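Below is one structure; the comments refer to it alone.
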Amino acid sequence: MPPPGGAPPGIAGTPPGVTATPPGGSYAVAQNVSLSANEAGSQIYYTTDGTDPVLGDILSATAVAYTGPIAIAANTTLQYAAFDPAGNV
C-alpha cells in the first residue's frame with residue numbers, strides 16, 4: 001500500500017530510483033545527505049538505524065518522510081526508498 005496521498009497499488013510500472021549525495025561510504029566527519037528520486041512526484045522515506053524503511057509494499061514503523069538534507073553522524077546506517085505516484089516502490 002502506498003503512503004498517504006499515493007496512488008492505489010497494482011498499477012504496472014517501473015519503481016523509482018533514489019540517489020544519495022554524497023554517496024554512501026565512510027567519512028571522517030559528519031555529513032548532510034540529500035536524497036532525490038528519478039521520478040517526479042515520488043515520496044522518499046528513510047531510516048537511520050539500518051532497518052528497511054519499506055516492508056514489502058508498506059512503510060515500516062520507523063520510516064521517516066524525507067523533507068530535506070539529513071544530518072548523518074558517525075556509525076549511522078542510512079536506508080531509503082521511494083514510492084512513485086503510481087504506488088511503485
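Among the residues of the stretch 63-89, the ones that are farther than 17 Å from Pro23 by Cβ, under 12 Å from the mean Cα position of the chain (by Cα) and not in a strand (DSSP E or B) come to 5 in all.
Could you count how many residues in the stretch 33-62 are among the polar types (S, T, N, Q) and in a loop (DSSP other than H, G, I, E, B)? Step through it out loud before you land on a result.
Kept after step one, since they are among the polar types (S, T, N, Q), are these residues of the stretch 33-62: 34, 36, 38, 42-43, 47-48, 51, 60, 62.
Checking the rest, the ones that are also in a loop (DSSP other than H, G, I, E, B) come to 38, 42, 48, 51, 60, 62.
Qualifying residue count for the region: 6.
Suppose we keep only residues that are more than 23 Å from Gly13 (Cα to Cα) and touching a Ser or Thr at 6+ places or on another chain (Cβ under 7 Å) within the stretch 40-63. Which one would you say is least open to solvent (accessible area, probe 1.4 Å)? Of everything passing the filter in the stretch 40-63, Thr47 is least open to solvent (accessible area, probe 1.4 Å).
The values are calculated or read from the model by the stated rules, or taken from the named source; none is laboratory data. Bear in mind the structure is a predicted one, so any value in this text is a computation, not a measurement. For neighbour counting, all protein chains shown are included, and Cβ atoms are generated from backbone atoms with ideal geometry for every residue, glycine included. Ligands, DNA and RNA are excluded from the accessible area calculation, which covers all protein heavy atoms including side chains. Shrake-Rupley method; radii C 1.70, N 1.55, O 1.52, S 1.80 Å.
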